[in-house]
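Novice: Shown below is the structure under consideration.
Laboratory data are not the source of any read-out in this text; all were calculated from the coordinates shown. Note that this is a predicted model, so its numbers are computed, not measured. Note: ideal-geometry Cβ built from the backbone for every residue, glycine included; neighbour counts use all protein chains shown.
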Amino acid sequence: MHEPVIPAAEPQAAPAVQAAGIHKRFGSTRALRGVDLSLQPGRCLGLVGRNGAGKSTLVSILSGLYPPDAGEVRLDGHPAPSLGDIAAWRGRIATVFQHSMVVPSLTVAENVFLGRQPRRRGGMVDWHRMRDQTRKVMADWGFDVSAEEACGNLTVEQRQVVEITRALAAGTRCLLLDEPTAALERGAAQRLFERIRQLQAQGVAILYISHHLEEVFEICTDVAVLRDGEMVLTAPLPEVTKEDLITAMVGQKDLSMERSVAPAPAPGSRKPAGAVAAGAGPDLVAEGVTYASPGVFIGNVSLTVRGGERVGVTGLRGSGATTLARIVAGATAPDAGQVRLGEHVLRPGDRAGALRAGIGYIPEDRQADGFVPLLGAAENISMTITDRITRFGFVSPRRREVRAAPLARRLSLVSAGLGQPVRELSGGNQQKVTVARALASNPVLIVAITPTRGVDVASKELLLSELDRITTETGASLLLASDELDDMVICDRVVVLVRGEIFTEFTEPPFDREALIAAAEGLGAT
């Protein structure tokens, strides 16, 4: 593991960004309460906190998207520009969000200079100079993406490089990185860390927002913890431990972090509930699954998940693990092969049919597939069971609430009420709504894809505990596809895919983390 870069800072240097006494309220919700924060040139400050702690609101204020209700933001020792002065904000501070903000139809150079293209006399865009300046910035910072390439053809990692380049080309010396590794496989994440170290060494101030504490300890020099809108801890990283951070995040020692998952009954020994009849045959069988698209390949993969068994599928991004899970859930149609649940052969790509057969689905991208943003939590949770809460052709609000409320309580959903639009909830609570929707139909098989991505430590533990409990109590099977190795703690067996083929299996929990990582890289089999 690399040691964080800690350059010698100038004693009198003004902070690149300083927030003093920031307050922000949305209706009756106090999002931020007197928050102080300082980002120094050449240092990387990790910002952590549970979902709903106020991280997103703080980043929006530091980015010039929201005005604070009280308090002040200063950039390089000067008062922050007015919110309408976009160019002034862009030249001093920039945010790289978890979801890419590049325009796919434009080239790299066009994205880097979006809204500030160099022009010739007469006002025409100087395309040649724009490409040359893009190449120069890329070369100066050691990046290697072609200026002429269309961004729609780039990988997630390369799009991230384009966004960082866009900020640096505008003169920005302060970067806010919001969950930057959420969509990156491990190798790409390590390359990002090297770029961050390079930026630090050249005096760029960085705010690194992450739910992964191991990343914070690897790349950051300092750490700050938000809890319920208040800054409860700020310190150099060498002075704190992971346990210190967890305690600061939750307000007390999180005892659930020490739980040991109860071993599941022997596969096949529990009686599945619902659509699949109890029997000696396999619960789920995927046979000869083949799929090919740009960046993803699955080659003749067969997989069995027996009744009551919890199987993890993992691998690097592009290994086919998440695509295989989508195929099982009916969210993606394979090019060849079939999926059976009990005696029922599922129609390829038929998500509604898979739901009727008893398959609950927690998708990878909650923003695109997990919920309807404008609808309330109860409406979203009950979407998979509308046939059960309808009277005379109309959905009964009372039945909807009766079905949704217990799941919301079980998952500790934090909201202003079950009618609150899901788009107004924090990322972690949006994920809880997505999980609740999958559980509402009492599925006999749960297909979960990276169910804990983008949620805080405590919410991650809660979601895994609930999947563990539901499968144990009901006998439902679980197919869990994730590159988050901590998710595999609730699995009976882990299958590792490499380049679209099953590379090896781990059959005896607890699983060795280093062995799983090595297998995902295709370095060794057990």
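Novice: Under 1.5 on a/c is rounded, so check that first for segment 72-123, then, if it is not, pick prolate when a/b is larger than b/c and oblate when it is not; a ≥ b ≥ c are the square roots of the alpha carbon gyration tensor eigenvalues.
Specialist: On the way: a/c = 3.14, a/b = 1.42, b/c = 2.21.
Judged from the Cα gyration tensor, segment 72-123 comes out oblate (a/c at least 1.5, b/c at or above a/b).
Novice: Another question about this same structure. What translational D, rounded to a whole number of µm²/s, comes out for the chain from Stokes-Einstein when the hydrodynamic radius is the Kirkwood one over Cα pairs, at 10 °C and 1.306 mPa s?
Specialist: Values: Rh = 24.7 Å.
After rounding, the answer is 64 µm²/s.
Novice: If neighbour count is taken as other Cβ atoms inside 10 Å, put Arg499, Arg398 in order from fewest to most.
Specialist: Arg398, Arg499
Novice: Using the number of other C-beta atoms within 10 angstrom as an exposure proxy, rank Phe113, Phe26 with the fewest first. Show your work: numbers first, answer last.
Specialist: Working: Phe113 24, Phe26 13.
Taking fewest neighbouring Cβ atoms as first place, the list is Phe26, Phe113.
Novice: Still on this structure, please answer the following. Would you work out the charge dipole size for segment 276-428 about its Cα centre, treating the Cβ of every Lys and Arg as +1 and the Cβ of every Asp and Glu as -1, and quote it to the nearest 20 debye?
Specialist: Values: 18 positive and 13 negative charges, 118 e Å.
Dipole magnitude for segment 276-428 comes out near 560 debye.
Novice: List the GluC sites (Glu not before Pro) within segment 343-442 that DSSP assigns to loop and that have no more than 11 neighbouring Cβ atoms inside 10 Å.
Specialist: Working: sites: Glu343, Glu364, Glu379, Glu401, Glu424; in loops: Glu343, Glu364.
In loop regions of segment 343-442 (DSSP not H, G, I, E or B), the sparsely surrounded GluC sites (Glu not before Pro) are Glu343.
Novice: What is the fewest-to-most order of Glu309, Glu243, Glu157 by other Cβ atoms lying within 10 Å of their Cβ?
Specialist: Numbers: Glu309 24, Glu243 12, Glu157 19.
If I rank by nearby Cβ atoms, fewest first, I get Glu243, Glu157, Glu309.
Novice: Antiparallel as a % of all DSSP beta bridges within the chain, to the nearest 5?
Specialist: Working: 45 of 78 bridges.
Around 60 percent antiparallel, to the nearest 5.
Novice: Here's another thing I want to ask about it. Quick check for me: using +1 on Lys/Arg Cβ and -1 on Asp/Glu Cβ, what's the dipole size of segment 440-526 about its Cα centre, in debye to the nearest 20?
Specialist: Working: 6 positive and 16 negative charges, 45 e Å.
Result for segment 440-526 is approximately 220 debye, rounded to the nearest 20.
Novice: If I take every Cα pair under 8 Å that is 6 or more residues apart in the chain, average their sequence separation and divide by the length, what percent do I get for the relative contact order?
Specialist: On the way: 1083 pairs, mean separation 80.0, N = 526.
Once divided by the residue count of the chain, the mean separation gives 15 percent.
Novice: Under Stokes-Einstein, with the Kirkwood radius over Cα pairs standing in for Rh, what whole-number D in µm²/s applies to segment 373-434 at 10 °C and 1.306 mPa s?
Specialist: Numbers: Rh = 11.6 Å.
Once the numbers are plugged in, D ends up at 137 µm²/s.
Novice: A follow-up question, please. Within segment 455-511, which chymotrypsin sites (Phe, Trp or Tyr not before Pro) sit in a loop by DSSP and count at most 10 neighbouring Cβ atoms inside 10 Å? Present the calculation step by step, with values, prior to reporting the outcome.
Specialist: On the way: sites: Phe503, Phe506, Phe511; in loops: Phe511.
The qualifying sites: there are none.
Novice: If packing is taken as the mean number of other Cβ atoms within 10 Å per residue, what is the order of 192-201, 445-454, 117-126, highest first? Mind showing how you got there, number by number?
Specialist: On the way: 192-201: 17.7, 445-454: 24.6, 117-126: 10.5.
Ranking, from highest mean packing down: 445-454, 192-201, 117-126.
Novice: Here is a follow-up. Using the crude model of +1 on Lys and Arg Cβ and -1 on Asp and Glu Cβ, and no other charge, please compute the dipole size for the chain relative to its Cα centre, in debye to 20. Working shown, then result.
Specialist: On the way: 57 positive and 60 negative charges, 373 e Å.
That gives the chain a dipole magnitude of about 1800 debye.
Novice: What FRET efficiency comes out for Phe26 versus Val345 if R0 is 45 angstrom and r is the Cβ-Cβ distance? Round to the nearest 0.05.
Specialist: Numbers: r = 49 Å, r/R0 = 1.09.
According to the calculation, E is roughly 0.35.
Novice: To continue, here is another question. Suppose only helical runs count, i.e. DSSP H with n ≥ 4. What mean residue ellipticity at 222 nm does that imply for the chain under -39500 (n - 2.57) per run, divided by all residues and rounded to the nearest 500 deg cm²/dmol? Show your work: numbers first, answer last.
Specialist: Working: 15 runs with 152 residues, N = 526.
Value at 222 nm, helices only: -8500 deg cm²/dmol.
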